[in-house]
Amino acid sequence: MNRNQFVPVAALTFALICAFAAPRRVAGQDNKTLYPNMASLDQYLMDRDAEIALARSAAPPSIAKDATVMVLGKHGYETVVEGTNGFVCMVGRTWTDGFDRPEFWNPKNRGPACYNPQAARSVLPIDLMRTRFALAGQSKEEIHESMKAAIAKGELPALEPGAMIYMLSKQGCINDSAGHWHPHLMFYVPLGDAKTWGAGEPGSPIYVAPRFNGAPEPVTELIIVVSEWSDGTPDAH
């Protein structure tokens with residue numbers, strides 16, 4: 001498709017535990033019980049104008065105002081605003097999360113993201129393909145196998161150097177426990193390259209995310225938490 005500062009390490013560690021640790025139990029149930037299958041499609045859809053605004057909140061206004069915007073429709077993501085700067089903003093749903101995540105089908109989750117041009121060409125196609133399989137009625141296990149087959153056939157573009165995503169929205173919801181979590185940037189590197197960033201090492205502010213990381217997409221996602229939301233206000237967590 002052709003279309004800062006760090007928080008203290010201790011705070012980052014605590015936040016990562018809250019956001020990515022074992023799921024919270026609700027009334028004697030865990031999230032595996034709460035979200036075993038895809039809900040009805042209408043639960044994942046949003047009002048178009050609200051989704052455009054939410055998508056744009058992922059990045060600083062100076063970037064988002066000239067970005068392409070995509071919204072989720074009944075047959076997949078549709079371009080509703082043609083941008084001019086190569087960035088693409090959209091609101092991700094949780095079927096683009098890690099396949100082992102208990103909230104894979106949580107219809108309440110909304111992840112505003114703004115892909116830079118390199119990510120729009122080489123990471124966004126992964127999310128769009130997963131969405132296509134989900135809306136076709138595939139189970140989580142079937143989506144996993146379909147992604148493996150697509151990668152084996154070379155149906156996805158190679159990762160481009162410098163691919164990154166802004167996730168700086170106050171209004172998003174990553175999961176039931178963390179809410180909008182912290183403002184952060186996500187960088188994409190080939191499998192095995194995390195150590196060249198020092199990612200995941202003790203005291204490092206760079207975290208290796210569970211979303212892709214070779215399961216099955218041949219991409220490693222790195223997270224760096226920053227101190228401000230897209231509107232310039234500080235993260236108060």
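The values are calculated or read from the model by the stated rules, or taken from the named source; none is laboratory data. In this text the structure is predicted, and so the values were computed from the model without any measurement. For neighbour counting, all protein chains shown are included, and Cβ atoms are generated from backbone atoms with ideal geometry for every residue, glycine included. Just the protein is used for accessible areas: all its heavy atoms, side chains included, with ligands, DNA and RNA removed. Shrake-Rupley method; radii C 1.70, N 1.55, O 1.52, S 1.80 Å.
Could you list all residues from segment 136-171 that are surrounded by fewer than 22 Cβ atoms within 10 Å (Cβ to Cβ) and closer than 30 Å to residue 232 by Cα? Scanning segment 136-171 gives 160, 161, 162, 164, 170, 171. The residues listed here are 235, 176; of these, the one that is under 30 Å from residue 51 (Cβ atoms), among the acidic types (Asp, Glu) and within 16 Å of the chain's Cα centre (by Cα) is 176. Scanning segment 143-154 for any residue that is part of a loop (DSSP other than H, G, I, E, B) and not hydrophobic (A, V, I, L, M, F, W, C) turns up at least one such residue. If only residues of segment 181-206 that are assigned to a loop (DSSP other than H, G, I, E, B) and charged (D, E, K, R) are counted, the one that is most open to solvent (accessible area, probe 1.4 Å) is 201. Give the number of residues within segment 30-87 that are closer than 14 Å to residue 105 by Cβ, touching a strand residue (DSSP E or B) at 6+ places or on another chain (Cβ under 9 Å) and crowded, with 20+ Cβ neighbours inside 10 Å. Result for segment 30-87: 2. One residue stands out among those in segment 108-119 that are assigned to a loop (DSSP other than H, G, I, E, B) and closer than 14 Å to residue 174 by Cβ: the one that is most open to solvent (accessible area, probe 1.4 Å), which is 108. For segment 168-180, the count of residues that are at pLDDT 95 or above and either β-branched (Val, Ile, Thr) or part of a helix (DSSP H, G or I) (or both) is zero.
For residue 122, the criteria (1) open to solvent by less than 10 Å² (accessible area, probe 1.4 Å); (2) in contact with a strand residue (DSSP E or B) (Cβ under 8 Å, 6 or more places away or on another chain); (3) at pLDDT below 95 hold in every case but one, which is (3). Scanning segment 71-102 for residues that are of a type in the set (Phe, Trp, Tyr) and not in a loop (DSSP other than H, G, I, E, B), we see that the one that is farthest from residue 138 (Cα to Cα) is 77. Among the residues making up segment 215-236, those that are surrounded by 19 or more Cβ atoms within 10 Å (Cβ to Cβ), in contact with a helix residue (DSSP H, G or I) (Cβ under 8 Å, 6 or more places away or on another chain), more than 14 Å from residue 60 (Cβ to Cβ) and not aliphatic (A, V, I, L, M) are 217, 220. Taken together, 133, 212 contain a single residue that is modelled with pLDDT of 95 or more, within 26 Å of residue 72 (Cβ to Cβ), touching an Asp or Glu at 6+ places or on another chain (Cβ under 8 Å) and open to solvent by less than 50 Å² (accessible area, probe 1.4 Å), which is 133.
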